[in-house]
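The values are calculated or read from the model by the stated rules, or taken from the named source; none is laboratory data. Being a predicted model, the structure only gives us computed values, none of them experimental. In this analysis, Cβ positions are derived from the backbone assuming ideal geometry, glycine residues included, and neighbour counts consider all displayed protein chains. Just the protein is used for accessible areas: all its heavy atoms, side chains included, with ligands, DNA and RNA removed. Shrake-Rupley method; radii C 1.70, N 1.55, O 1.52, S 1.80 Å.
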Amino acid sequence: MTSLTTVRLRYQTIEIGNTDIHICTLRDNQQFSDPENEALDLGICSASWPMFGVIWPSSLVLANHMLNYDIAGKRILEVGCGMALSSLLLNSRHADITATDYHPTVEYFLDRNTTLNNNEEINFERLDWAEDNSHLGQFDMIIGSDLLYEDQHIDILAAFIARHALPTCEVIVVDPGRGRKNKLTNKMTEFGFSSKHVKPENTAYLDAPFKGHILTFSRDSSK
């Protein structure tokens, strides 16, 4: 991975309930460093390059939602993890967590932040949802936040989830309200998932009211 000496970083401690997550991020979404065009070659332009590297409201909602969630015995996948706040939280809970993202710089921050929290290494794989050559396997639970920026992402994401979901699986996606939750729901229904959309009950930890929803998709092979 290329050097990040040209970007400004921020260190902060994020409180998720009574759990402190120490995290290094980009200082803001104006940072950029791709001297060898590693990201550009993947189709990531300079304007979108920093989007992975800051903490967004949806990621805070997801992490708070996962704080006391039943994870016992579950293999969990975070898709489009970015700063992987939920993966870091679940890792502190000793969950079996794997993180994925397409951005080439994500793994650097994930390793750095895992060390900051003195936790075990988190499994990571850089991949494109459209790729079908991943060695991830299948999971009991798949989570993600703020994943749907374009309509074209819907079919690709749903198919990716379906490939990596066990016959009995729960999927949790926090959507900030970009107008695509119903389209994703319709696609997930085609893959045999039931759905539930709820507003998060308490978002006092956010700077502004949260306009989105927590989308839960469930599939049970015993039924």
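For the stretch 98-117, the set of residues classified as outside any strand (DSSP E or B) and either surrounded by 23 or more Cβ atoms within 10 Å (Cβ to Cβ) or not hydroxyl-bearing (S, T, Y) (or both) consists of H103, P104, T105, V106, E107, F109, L110, D111, R112, N113, L116, N117, listed by residue number.
Taking the conditions exactly as written (small (G, A, S) and open to solvent by 10 Å² or more (accessible area, probe 1.4 Å)), does S59 satisfy them or not? For S59, the condition - small (G, A, S) and open to solvent by 10 Å² or more (accessible area, probe 1.4 Å) - is met.
Just to be sure, is R180 modelled with pLDDT under 95 and crowded, with 17+ Cβ neighbours inside 10 Å? Considered against the rule, which asks whether it is modelled with pLDDT under 95 and crowded, with 17+ Cβ neighbours inside 10 Å, R180 comes out as yes. For the stretch 161-184, which residues satisfy the criterion of being farther than 23 Å from I97 by Cα and over 18 Å from the mean Cα position of the chain (by Cα)? Selection gives G179, N182, K183. Within the set C24, C81, the sole residue that is at pLDDT 95 or above, of a type outside the set (S, T, Y) and out of contact with any Asp or Glu (no Cβ under 9 Å at 6 or more places or on another chain) turns out to be C24.
What are the residues in the stretch 58-97 that are of a type in the set (A, V, I, L, M, F, W, C) and either more than 15 Å from the chain's Cα centre (by Cα) or outside any helix (DSSP H, G or I) (or both), if any? L67, I71, A72, I76, L77, V79, C81, M83, A84, A95, I97 - these are the residues of the stretch 58-97 that are of a type in the set (A, V, I, L, M, F, W, C) and either more than 15 Å from the chain's Cα centre (by Cα) or outside any helix (DSSP H, G or I) (or both). Of the listed requirements (1) modelled with pLDDT under 95; (2) closer than 20 Å to D70 by Cβ, V173 misses just one: (1). Among the conditions (1) open to solvent by less than 40 Å² (accessible area, probe 1.4 Å); (2) farther than 24 Å from A39 by Cα; (3) acidic (D, E), the only one that E120 does not satisfy is (1).
Give the stretch 194-223 a look and list any residue that's charged (D, E, K, R) and surrounded by 15 or more Cβ atoms within 10 Å (Cβ to Cβ), or say none. If you could, list the steps in order and put the result at the bottom.
Step one: of the stretch 194-223, the residues charged (D, E, K, R) are 196, 199, 201, 207, 211, 219-220, 223.
Matches in the stretch 194-223: R219 only.
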